[in-house]
Structures are given as structure tokens and as C-alpha cells.
Amino acid sequence: MTKKYYQHRFEVPKGAVDVIFIRHGETIPAIPGESFPLKDGQGDPPLHERGEAQALAVAERLKDEHFDALYVTSLQRTHQTMAPLAAHKGITPIIEPDLREIWLGDWDGGLYRIKSAEGAPEFLKAKAEHEWGHIPGAETTAELHERVERGLWRLLENHADQRIAFCVHGGVIGAIMSIATGCKPFGLIGAANGSIHNVVLTKDRFFVRSFNDCNHL
């Protein structure tokens with residue numbers, strides 16, 4: 001009998017953690033001269049009504065999936081986005097502060113959104129050189145990646161052989177993708193609000209299984 005070799009099918013390796021990352025829903029708009037509420041010095045705006053609808057769509061998409069734990073960051077937009085899914089699953093989300101959004105220094109509280117939309121020179125330089133540190137008072141790209149990677153390793157340590165969902169931020173998703181794939185730090189910036197991303201964390205490497213899935217939106 002002729003031996004047959006079929007195409008490889010990916011399976012989550014033993015000891016890995018299978019993570020569904022969710023970008024939080026759209027937040028309220030920034031208004032010149034008005035700051036968002038701050039949480040530990042970072043902008044902490046609540047969801048816009050469109051973001052609330054995105055949160056419901058995420059929950060509907062994932063409500064029948066198995067999760068051993070749910071995670072959020074210290075910022076309220078992740079809590080609000082995760083709330084409908086947490087209600088479906090009957091799971092209280094865990095806070096992991098190392099995956100909070102980029103510390104934007106002088107531009108936190110909503111000013112970053114205004115400056116980037118207006119094409120401020122500091123923003124254009126940061127974008128061109130893949131360096132958040134060009135924004136006044138912001139953490140550097142290396143600092144961001146260091147704490148995000150620290151948080152990822154903690155997930156692996158605490159949830160080996162489990163599947164979890166984690167609501168995070170757009171800049172953090174970009175950092176995760178760069179860490180996992182080796183692409184430039186801003187190479188996969190721009191995940192949509194309410195988008196879903198799948199990354200499998202192992203001791204040897206991180207596998208990106210999907211990026212910016214918006215089929216539920």
C-alpha cells in the first residue's frame with residue numbers, strides 16, 4: 001500500500017496557552033481642551049455607543065467558545081468591552097496591568113488622538129522610526145515591548161494547556177504581533193475596534209494564528 005502524506009494541521013502544543021486577544025470597542029471622541037478621565041496617569045475614556053455595540057458583537061461571536069479565564073487591563077474600556085462576554089460565561093475577568101495601553105506621556109488624556117490626526121511632527125517621526133519615545137514623555141518602544149512580553153510570559157506560566165480571552169489595546173496588539181513575528185514594531189499597528197486576534201504562546205515561540213478578524217462586526 002502506498003504511504004500517503006497529508007498536509008500539516010496546526011495543533012496547540014502541549015504546555016501552551018491559546019489566547020484570543022480582543023481590541024476594546026470604540027471610545028468616546030477626544031475634544032480639544034478637554035481631557036479624558038485619567039487612571040494612574042493614562043487616558044481612561046469610556047466606550048462610545050458604537051463601542052458598546054461592538055462589545056455585544058464580540059460576546060455573541062465568542063459566547064459558545066470555551067475559556068478557562070478572561071482578562072482585562074486596568075483601563076475601563078477593556079472592562080466594558082469584556083463585560084457582555086463575561087456575563088455569558090459567568091467568569092469574573094482578571095486584571096493584568098502589564099498589557100495596558102502605551103504610556104503616551106504629555107499626549108495622554110486624548111491629546112494623542114488630536115496630534116496624530118493633525119499630523120504633528122513628533123507623531124510622524126514616531127511612525128517613521130517605529131519609536132513611541134518620540135512623543136513627549138512617552139515610554140519607548142523597547143519599554144512597551146519589555147512589559148508586554150513580561151505579561152505574555154506570565155499568561156503562559158499561569159495558564160499552560162488552557163484557553164483564555166484577553167481584552168487589550170490597539171498599541172498592545174501591535175506590540176504582541178511584533179514580538180511574535182519579528183516584524184517592525186509598527187508593522188501591524190491599526191487593529192480595528194472590536195477585532196479578534198489569536199496567538200498561541202509556547203516556551204519556544206509565539207504563533208500568530210489570526211489577526212484583525214472583524215467578521216462579527
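Here are the numbers for this structure:
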read-out: Per residue accessible area of the chain, 1.4 Å probe, in Å²; value: 51
read-out: Å³ per residue enclosed by the Cα convex hull of the range 110-194; value: 110
read-out: Spatial separation of Cα centroids for the range 169-217 and the range 27-42, in angstrom; value: 25
read-out: Orientation-averaged projected area, Cα convex hull of the chain (nm²); value: 14.0
read-out: Residue of 108, 64, 44 that the Gaussian network model of the chain assigns the largest fluctuation, springs spanning Cα pairs under 10 Å; value: 64
read-out: Most to least accessible of 10, 166 (protein chains only, probe 1.4 Å); value: 10, 166
read-out: The chain, accessible surface, carbon-and-sulfur percent (1.4 angstrom probe); value: 50
read-out: Solvent-accessible surface (1.4 angstrom probe) belonging to residue 217, in square angstrom, nearest 10; value: 90
read-out: Aspartates and glutamates with Cα under 19 Å of residue 63, excluding same-chain neighbours fewer than 8 positions away; value: 18, 52, 213
read-out: Loop-exposed GluC sites (Glu not before Pro) per DSSP, neighbour cap 12 Cβ within 10 angstrom, longest uninterrupted part of the chain; value: 66-217
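The values are calculated or read from the model by the stated rules, or taken from the named source; none is laboratory data. Small disclaimer: the values here were computed from a predicted structure and weren't measured. Glycine gets a Cβ as well: all are built from the backbone with ideal geometry, and neighbour counts include every protein chain shown. The protein model used for the area step is the full one, side chains on, heavy atoms only, and it has no ligands, DNA or RNA in it. Shrake-Rupley method; radii C 1.70, N 1.55, O 1.52, S 1.80 Å.
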